[in-house]
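The values are calculated or read from the model by the stated rules, or taken from the named source; none is laboratory data. All of these numbers come straight from a predicted model, not from anything done at the bench. When we count neighbours, we look across all protein chains shown, and the Cβ atoms used for this are built from the backbone with ideal geometry, even at glycine. With ligands, DNA and RNA removed, areas are computed over all heavy atoms of the protein, side chains included. Shrake-Rupley method; radii C 1.70, N 1.55, O 1.52, S 1.80 Å.
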Amino acid sequence: NAGVTQTPKFQVLKTGQSMTLQCAQDMNHNSMYWYRQDPGMGLRLIYYSASEGTTDKGEVPNGYNVSRLNKREFSLRLESAAPSQTSVYFCASVRDSPQETQYFGPGTRLLVL
Amino acid sequence: GDSVTQMEGPVTLSEEAFLTINCTYTATGYPSLFWYVQYPGEGLQLLLKATKADDKGSNKGFEATYRKETTSFHLEKGSVQVSDSAVYFCALEDSNYQLIWGAGTKLIIKP
């Protein structure tokens, strides 16, 4: 039982390059989330998926796209990376509400030059 | 909208000191409240939670009491250890069942 896994752990991109961050969970949760974490700003929700086949925008979706490939996997894509997207990205798998508990992956540290 | 405010860090303490990290919230209704902890190089993990007024969440020696009258959920520990050094996040669950996060408080414990 690995919980939530994320790949890669670290990535350096040049402005304009694209990449996909991968996330997978083995807890059979319906909901999955993508956050970015920036100093002094806590976590900000980028996109979430309440169930397989559905995705919704969060607080800061611009510049990102997501795919809920199946119940286990939820990927985040940067089509044209910008320096403002330098951040640490966390994927979370969510046990159902109302007593919501989020299980986080180890994070992907992204540097855009 | 709903929001969470945490005391700014870093908070630096000596081992065995008493810890308080303040958290206040603004919300409609009575949301569930959470404390998450992030150890260096890791993702966040749930530390404790409380779902209604006057509930006390506790785990690993940490405690927090849901205070409706002061809209607060302060985190406390009687005697901290070096291993408690981490970033602590307060959060509430809004009416859409999503978490609203505080900015995080970095805690540094010196031996």
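Quick notes on this one:
- Comparing mean-square fluctuations of A:Pro83, A:Pro61, A:Pro39 from a GNM of chain A with C-alpha springs under 10 Å, the top value falls on A:Pro39.
- Sequence-distant aspartates and glutamates (8 or more away, or on other chains) whose Cα lies within less than 12 Å of A:Lys71: A:Asp26, A:Glu52
- In chain B, Cα pairs under 8 Å separated by at least six residues give a relative contact order of 37 percent.
- Averaged over the residues of peptide B:89-96, the number of Cβ atoms from other protein chains lying within 10 Å of each residue's Cβ is 2.
- Descending semi-axes in whole angstrom, ellipsoid equivalent of chain B, from the Cα gyration tensor: 24, 14, 12
- Estimated translational diffusion coefficient (Stokes-Einstein, Kirkwood radius over Cα pairs, 25 °C, 0.890 mPa s) of the protein assembly as shown: 136 µm² per second.
- If you sort the three axes of the alpha carbon gyration tensor as a ≥ b ≥ c, you get a/c of 1.5 or more for the stretch B:67-106 and a/b no higher than b/c, which makes it oblate.
- The listed residues B:Ser72, B:Ser14, A:Ser67 rank as B:Ser14, A:Ser67, B:Ser72 when sorted by accessible area, largest first, using a 1.4 Å probe.
- Computed over chain A: relative contact order in percent, which uses C-alpha pairs under 8 Å that are six or more apart: 35 percent
- Under the combined filter of DSSP loop state and at most 14 neighbouring Cβ atoms within 10 Å, the stretch B:35-91 retains these trypsin sites (Lys or Arg not before Pro): B:Lys52, B:Lys60, B:Lys68.
- Cross-link table B:Lys49/B:Lys77; B:Lys77/B:Lys110; A:Lys14/A:Lys57, entries beyond 21 Å C-alpha to C-alpha: A:Lys14/A:Lys57
- Each residue of the stretch A:2-11 was assigned a 3J(HN,Hα) from its phi angle through the Karplus expression (A = 6.51, B = -1.76, C = 1.60, θ = phi - 60°), giving 8, x, 10, 10, 9, 9, x, 7, 8, 8 Hz with x at Gly and Pro.
- Using R0 = 22 Å, the C-beta based FRET efficiency linking A:Arg44 and A:Ala82 works out to 0.90.
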